[in-house]
1. For the chain, with the dipole built from +1 on Lys and Arg beta-carbon atoms and -1 on Asp and Glu ones, taken about the Cα centre, which of GLY114, ALA83, ASN450 lies farthest toward the positive end?
2. Quick one: work out Rg over Rh on the C-alpha atoms of region 465-511, Rh as Kirkwood radius.
3. Cysteines without a disulfide-compatible partner in the chain, using Cβ under 4.7 Å as the rule?
4. For region 77-132 and region 347-376, what is the centre-to-centre distance using only Cα atoms, to the nearest Å?
5. Given a 1.4 Å probe, how much area per residue of region 491-548 is accessible, in Å²?
6. With a Förster radius of 60 Å, plug the Cβ-Cβ distance of THR58 and ASP445 into 1/(1 + (r/R0)^6) and report the FRET value to the nearest 0.05.
7. Which value, in debye to the nearest 20, describes the size of the charge dipole of region 391-548 about its Cα centre when Lys and Arg Cβ atoms bear +1, Asp and Glu Cβ atoms bear -1, and nothing else is charged?
8. How much FRET efficiency would the formula 1/(1 + (r/R0)^6) give for THR396 and GLU14, where r is the Cβ-Cβ distance and R0 is 56 Å, rounded to 0.05?
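The values are calculated or read from the model by the stated rules, or taken from the named source; none is laboratory data. Please read these numbers as outputs of a predicted model, since none were measured by experiment. So basically every Cβ, Gly included, is an ideal-geometry build from the backbone, and we count neighbours across all protein chains shown. With ligands, DNA and RNA removed, areas are computed over all heavy atoms of the protein, side chains included. Shrake-Rupley method; radii C 1.70, N 1.55, O 1.52, S 1.80 Å.
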Amino acid sequence: MDKIKCECGHVNPEGTVLCESCGKPIEENQHIDGNDKTKLLNMRYDGTARRSQTYNRTIIDKTWNFFSSVKVGVMLIIIALIASGLGTIFPQEMYIPPEAENRDPAVFYEDWYGLPGKIYYQLGLYDLYSSWWYMILIALIGVSLVICSIDRFVPLYRALKIQQPKRHNTFLSRQRLFSKTDVVSDEHKKAFVSNLKKQRYKIVEKDGNILAEKNRFSRWGPYVNHIGLIIILIAALLRMTPFLYLDEYVWVREGEQKLIPGTDGEYYIENKRFLLELYDENDERFKAAMERKGQLVHKNYQTDAIIYKAKDNQIVGQEPELEKVKESSIRMNEPLKFDGYTLYQSGYQENEFANMTFKVYEKADADQKALGELTIDLTSPEKTYDLDNGIKVQVTQYYPDYELEDGEPRSVSKFPRNPAFVFNVFPPNSDQGEVSFVGIGKNIDATGENKYKLGILDFEMRYASGITVRRDYTLPLFIVGAAIFMIGVVQGMYWHHRRIWINPKEQGILLAAHTNKNWFGLKKDIEKAIEGTDIQMVIDQEEVEKEA
């Protein structure tokens, strides 16, 4: 790597625009920051040698230069924003409404949204935020932030750390704020420095040359922002790991005990009771609001639940032995928490059949006297039921949520909301069965020659409770990242890096100043500091150039 030696004796890295020590412009590199086309120096990075502006030989150099570009970073963010917006057109898979007849994405999006929904599903937008290409896009933004920060921070930090009070005359005269005073007494010079100290400037003096500086830390504000954003992006990527982030949904019916998904078979939940409370429609406090809404309003719905944990010493294939961990109610906005997991009351289904009792009677019997009864658990019906009188009933087809489509029976969902059956009834000591179709309001003899009929004798209804299971260890990372980002915002927005150089010139001084923002405030500082002295006020050379 070539080095550039300045006339002051300092050796600069290749690609340096302004000498790190004295600030003298390196003639052959002025095109890098555009100083060859302007009167004033570009002080954004203090003329330091940045890798992205210096090397472009190998594939590593080209990759570095690509990601160090602010334009590339902005484009990646815009693409991510557009992609994120597409993901909000329809609900994501995890937010498919509990009341949907079929929560399978392949069916749901087309059923609810037609052709646009089908296209949405086929493009994979239904699970966009967990898709591989979206994660790669987020990772690329993180890479861009890291490279952009390193490419700029490291050389800028080095330049500010080794800067000297003595500056080259060309450096001083090409600053935006500059003045030359031919004669200045030592007394006035000391008064000027003293006034700067009162304004909390840090004074560095060497051989009569003075550098007054304050709020250097504000220059690091954007890089602190980047650190915060990088932590947030890392947290977003870590959400892809099941150990750090879990978001599952489970339906638990009253009286049912179920494995909690995502817990590796460790935890179970039992729904002891579901409670639904509505606001009183006759209550004068709520009557007008409910009339405007046009429906009853939920006051509360909750699941009285018991959480069990499977014991460790289990034999494979054996029913797990459970021990109670916690018993509590899961209410709206009042989740149940245990061992790092949080259970939210997210939905419910009413009017779901728990079981149905049928009687078998002779078709010719006008009194429909029962020859036998059978009760079917609609969650897991048996294949065959043997009655006491020798009659055998087979369940050959079961439609939990029956619907007739194009003349063919089908089940809209797996939930028993409108159960229907195809039965095969075998008389005593006979292998010849009689086929019947039985449902709510339907009792069809397939051949018209059946001797026996089945009729609904009784049924039980129950609620099904929709529970969201969450575990999120990435949330602290999001909070830390957001806090660091806000610190960077405050750091860069409310403080400004200000520098004032005072270099002796024969009997007078050369005075120059620079700030990264709020030039008016810097001029006020200088005006206040030179008050009562013979030192000339600085001229804003940029404004003079505009007026010319």
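1. Farthest along the dipole direction, towards plus: ALA83.
2. That ratio equals 1.60.
3. When partners are defined as cysteine Cβ atoms under 4.7 Å apart, the chain leaves CYS148 without one.
4. With region 77-132 and region 347-376 each reduced to a Cα centre, they are spaced 41 Å.
5. For region 491-548, the solvent-accessible area averages 55 Å² per residue.
6. 0.10
7. The calculation lands at about 600 debye.
8. 0.10
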